[in-house]
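The values are calculated or read from the model by the stated rules, or taken from the named source; none is laboratory data. Quick caveat, the model's predicted, so the values are computed rather than measured. Quick reminder, even Gly has a Cβ in these numbers, built from the backbone with ideal geometry, and neighbours come from all protein chains shown.
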Amino acid sequence: MSKGRKPGQQAEKRQFSSLYLMELARGSSHIASTLSPATQHEAIAEVLQEFRLQHGADKLLLFRDLLAQRLKDRENPQAAQAVLSFDPR
């Protein structure tokens, strides 16, 4: 049996990505522009906290995954990994 992603989960990610397009673009740009690990950590915390305040915590982990994917798409895998490793609690 394949360990691929579930079709429903993929559809939810596509829908969510479209719904929060502006937040993902702004957040990935902000994080990608940092120059040091310390400022990167601060930027990640700021982006995730802002999302939580505006949209609630229930979709925060999905937003974090999509944000990491945006950073990978921007050819910044180190920042993507930092986002995935960040505990937003």
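Quick look at the values:
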read-out	value
Residue check for Ala25: of a type outside the set (S, T, N, Q), under 15 Å from Gln81 (Cα atoms) and out of contact with any helix residue (DSSP H, G or I) (no Cβ under 6 Å at 6 or more places or on another chain)	no
Scan of segment 2-55 for residues that are within 14 Å of Leu71 (Cα to Cα) and of a type in the set (D, E, K, R), ordered by number	Glu23, Arg26
Any chance Phe51 is in contact with a helix residue (DSSP H, G or I) (Cβ under 9 Å, 6 or more places away or on another chain), modelled with pLDDT of 95 or more and within 18 Å of Leu84 (Cα to Cα)	yes
Hits in segment 33-51 - residues which are more than 15 Å from the chain's Cα centre (by Cα) and hydrophobic (A, V, I, L, M, F, W, C)	Leu35, Ala38
Test: residue in segment 62-81 that is surrounded by 14 or more Cβ atoms within 10 Å (Cβ to Cβ), under 20 Å from Lys13 (Cβ atoms), of a type outside the set (Gly, Ala, Ser) and free of Cβ contacts under 8 Å to residues at least 12 places away in the same chain	yes
